[in-house]
Amino acid sequence: MNRSTAPVIAMFPEASFGAALNCVGIAQELRRLGANPVFLTHGGFEGVFSGYGFDEYAIPGQAELSAEETRSYWQAFLNQHLPHFNLTPEAQLPTYVAPVWEAIVDSALGAEEGLAALLDRLSPDVVVVDNVITFPAVARQGAPWVRVVSCAETELADPGVPPYLSGLAAGEDCDAFRARYVAETGAAHDRYNAFRRDSGLDPLPDGEFMEASPDLNLLLSPSLVRHDRSRPLDPDRFVFLEGCVRQESPYRVPEFPRDGGPLVYVSFGSLGAMDVAFFQRLIDVFETLPARFLVNVGAQIEHYSRVPDNVHLQDWFPQPSVVAQCDLFIHHGGNNSFCEALYFGVPSLILPYCWDGHDNARRAVDCGAGQMLHRWDWTPEALGAAVEGLLADTGMQERLRENGAFMRAQGHVRLAAERILALVSGR
């Protein structure tokens, strides 16, 4: 790279573990290639990246929350929105999606001044943003910036791709959902566009909160589940990735009192883990099945007093190391979880509750990568049948094993890092 010092790559994921851990995988490869990746953190995420050996820089002015305060905030958030998670994707638009977009716009406004000051101080060679909204401070900073799409591919609109957050299949009539999405997010969008104008950026079309980067866009969208676009993306600016799985510590599967049968991993993300009643319903069904279950219950682990002898609970797992050893992954459809299941050739059973989980659940079914159940109306009998059916589907298992081997052979976490570093040498 003809530089006397290692290039500084500022990694700026949103305040969610999916985006954060996706960026960790890319940062690990950047570090192996001689760069100096550093993380810009929102309140409540301090310590996540230093645990992987990276320097962290809190955005000035962001609320400094303790771990307990962060858990309390998200527990209140869950309590408020729990009824909305039992709604269809379209019914969630006014009750959940629109309020979340208002909060996301608030986060962009609140971070702007501190983010601009931090970027000026760090003077990074490249800024990598894994978010769903553009921060004007990044676009104005002067360094090349990279947009990472670690949500579903539907985040990048196209007439041939179902609308973002709709859970619709390719080819379905999408006009009604698109129109309602624009209407329900209109107030947040108007407020955001006013902020963009004040910040010197052009407004975005209705329903859009982030433009493509003029420099590089990385899409975490494996070929098995990729959509056929009516407007192909420029390969010089848009790079599809088969996987960006981070390196984690090894995991040794514990011995179970009832130690036999296939191994199933269960995780619904940090937010989903707060719904103890939902997890207890799952565990009650798992007890009746001839399999072993590793269940990520997050910080709520003390709420479970009776654990069946074929179930093992932990508050955290090194997920890639676990999924690689499993026969089935039950999850909420977050894109990181879905892509890790594909990467290791494991079928998915998806019970989505919000955001891109709806899109990934539908795509898993349509592409033969798993099944889905509706969170709001599943029965113990349906869950048990789905688990046993997927564990017995040798045809699906073989196809996914072959696809996982293909994905791993591509080495796309290295490709992502190399394309980012090419922006440094091109300056």
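Taken together, the values in this text are just the output of simple stated rules run on the coordinates, not laboratory data. Since this is a predicted model, take the numbers as computed values, not measurements. Here the Cβ is made from the backbone with ideal geometry for all residues, glycine too, and neighbour counts use every protein chain on show.
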Rounded, prolate or oblate for region 263-408? Axes are the square roots of the Cα gyration tensor eigenvalues, ordered a ≥ b ≥ c, and the cut-off for rounded is a/c under 1.5. rounded
Kindly rank 97-104, 205-212 from highest to lowest mean number of other beta carbons found within 10 Å of each residue. 97-104, 205-212
Quick one: which of 75-86, 280-291 comes out on top by average Cβ neighbours within 10 Å, and what's the full order, highest first? 280-291, 75-86
Could you tell me the center-to-center distance, by alpha carbons, between region 21-63 and region 227-275 in angstrom? 20 Å
Rank these for me by crowding, VAL307, VAL266, VAL128, going from fewest to most other beta carbons within 10 Å. VAL307, VAL266, VAL128
Please check which bits of region 393-418 a label hung off GLN325 would reach, taking the label as a point 7 Å along Cα-to-C-beta and the cut-off as backbone N under 19 Å. none
Enumerate the calculated ³J(HN,Hα) couplings along region 109-124 in order (Karplus 6.51 cos²θ - 1.76 cosθ + 1.60, θ = phi - 60°), each rounded to whole Hz, writing x wherever the residue is Gly or Pro. 5, x, 8, 4, 5, x, 5, 4, 5, 5, 5, 4, 6, 7, 6, x
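Quick check on the exposure proxy: order LEU216, LEU328 from fewest to most C-beta atoms within 10 angstrom. Please report the intermediate quantities before stating the final value.
Values: LEU216 22, LEU328 25.
The order, fewest Cβ neighbours first, is LEU216, LEU328.
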For each of PHE238, PHE293, count neighbouring Cβ atoms within 10 Å of the residue's Cβ, then give the residues from fewest to most. PHE238, PHE293
Taking only Cα atoms, what is the 0 to 90° angle, nearest 10, from helix 380-392's long axis to the longest principal axis of the chain? 80 degrees
Among PRO83, LEU313, VAL413 - extreme Cα towards positive end, dipole of the chain, charges at beta-carbon: VAL413
Can you list the HN-Hα couplings for region 8-24, worked out from phi with the Karplus curve (6.51, -1.76, 1.60; θ = phi - 60°), rounded to whole Hz and with x for Gly and Pro? 8, 10, 7, 9, 10, x, 5, 7, 9, 6, x, 5, 4, 6, 4, 5, 4
Distant-in-sequence amide H partners of PHE238 (H built 1.01 Å from N, under 5 Å): ASN217
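Percent relative contact order of the chain, based on C-alpha pairs within less than 8 angstrom and at least six residues apart?
On the way: 759 pairs, mean separation 72.5, N = 427.
About 17 percent, as a whole number.
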For a quick check: with amide H placed at 1.01 Å from N, whose amide H comes under 5 Å from LEU165's, ignoring anything fewer than 5 positions away on the same chain? ASP359
For VAL322, the net charge from surrounding residues (Cβ-Cβ under 15 Å; K, R +1; D, E -1) works out to -1
What are the ³J(HN,Hα) couplings of region 209-225, residue after residue, when phi is run through the Karplus curve with 6.51, -1.76, 1.60 and θ = phi - 60°? Round to Hz, x for glycine and proline. 10, 8, 8, 5, 5, x, 9, 6, 10, 10, 10, 7, 8, x, 4, 4, 10
So what's the angle, to the nearest 10 degrees on a 0 to 90 scale, between helix 357-366 and the longest Cα principal axis of the chain? 60 degrees
Region 150-193 and region 358-391: distance between their alpha carbon centers, rounded to Å: 23 Å
Please report, in debye to the nearest 20, how large the charge dipole of region 263-408 is about its Cα centre when each Lys and Arg carries +1 at its beta carbon and each Asp and Glu carries -1 there. 220 debye
